[in-house]
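Since the structure comes first, as structure tokens, the remarks are kept for the end.
The values are calculated or read from the model by the stated rules, or taken from the named source; none is laboratory data. Quantities reported herein were computed from a predicted structural model and do not represent experimental measurements. Neighbour counts are summed over all protein chains in view; Cβ atoms, including those assigned to glycine, are modelled from backbone coordinates with ideal geometry. Heads up: the accessible areas ignore ligands, DNA and RNA and are worked out on the full protein's heavy atoms, side chains in. Shrake-Rupley method; radii C 1.70, N 1.55, O 1.52, S 1.80 Å.
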Amino acid sequence: MPSDLTIHSAETEADVRRCWPALRELRPHLSEDELVARWRKQLPEGYRIIYTAHDGTVTAAAGYRFFHTLAWGHVLYIDDLVALQTLHRTGLGTLLLQHLQAEARRAGCDAVHLDTGYQRLLAHRSYHRNGFHLHCHHMAWLVDRPVPPSPNR
């Protein structure tokens, strides 16, 4: 990992589009235009993107927001955290993660939360190394999908 990496904030549509190659690796179901549309929709909700770049190419990106909950208090929630696959194990994800942990401290948060796919074992190791622990399971109900009959009904 280059020693002179700076963490940038994606403030414009052009910045977000620069982040697309990295974010596509985490969100392959989104087109570049859909990513921009969702970013625009999430901006009023406080969503932000930070990234690192080397030689003009975005190498890692993270999307996050702040909110309050009854269960967890004031939280910095990481929606997205990804480094280009060719740069896994170089410390880029850890760099962004530690930046966000420091940001949570500055903002007076009680915790940093994220959800992660079961298959992302490399990411899980990084989260554990950076002080995260398995806290709960995230459950989801998809509105547009029929609920299969329960065998217990």
FRET efficiency for residue 119 and residue 43 from the Cβ-Cβ distance with R0 = 22 Å, rounded to 0.05, comes out at 0.15
Just in segment 67-116: which trypsin sites (Lys or Arg not before Pro) are loop by DSSP and have at most 10 other Cβ atoms within 10 Å?
none
So if R0 is 22 Å, what FRET efficiency would residue 98 and residue 54 give, r being the distance between their Cβ atoms, rounded to the nearest 0.05?
0.75
Okay, which of segment 78-92 sit inside 20 Å, backbone N to the point 7 Å along the Cα-Cβ direction of residue 142?
80
Can you figure out the FRET efficiency of residue 5 with residue 106, using R₀ = 22 Å and their beta-carbon distance, to the nearest 0.05?
0.65
How large is ³J(HN,Hα) for each residue in segment 68-79, as worked out from phi by the Karplus curve 6.51 cos²θ - 1.76 cosθ + 1.60 (θ = phi - 60°), to whole Hz, x for Gly and Pro?
10, 9, 5, 6, 10, x, 7, 10, 9, 9, 8, 7
Loop-resident sites, segment 21-128, for chymotrypsin sites (Phe, Trp or Tyr not before Pro), counting at most 16 other Cβ within 10 Å (DSSP):
72, 118
What list of ³J(HN,Hα) values in whole Hz, one per residue of segment 52-65 in order, does the Karplus curve 6.51 cos²θ - 1.76 cosθ + 1.60 (θ = phi - 60°) give from phi, with Gly and Pro shown as x?
10, 9, 9, 6, x, 9, 5, 9, 7, 8, 9, x, 8, 7
Relative contact order (percent, whole number), the chain, Cα cutoff 8 Å, 6+ residue spacing
19
Taking only protein heavy atoms and a 1.4 Å probe, the highest-to-lowest accessible-area order of 137, 54 is 137, 54
Carbon plus sulfur fraction of accessible area for segment 15-97, probe 1.4 Å, in percent
53
Hydrodynamic radius by Kirkwood for segment 55-153, inverse mean 1/r across distinct Cα pairs, in Å, is 15.6
Run the simple label-point estimate for residue 133 and residue 70 please: 7 Å along Cα→C-beta, distance reported in nm.
2.5
Hey, if we sort 115, 33 by accessible area with the 1.4 Å probe, largest down, what's the order?
33, 115
For segment 1-118, just say rounded, prolate or oblate: build the C-alpha gyration tensor, square-root its eigenvalues into a ≥ b ≥ c, call rounded for a/c under 1.5, and beyond that prolate if a/b exceeds b/c, oblate if not.
oblate
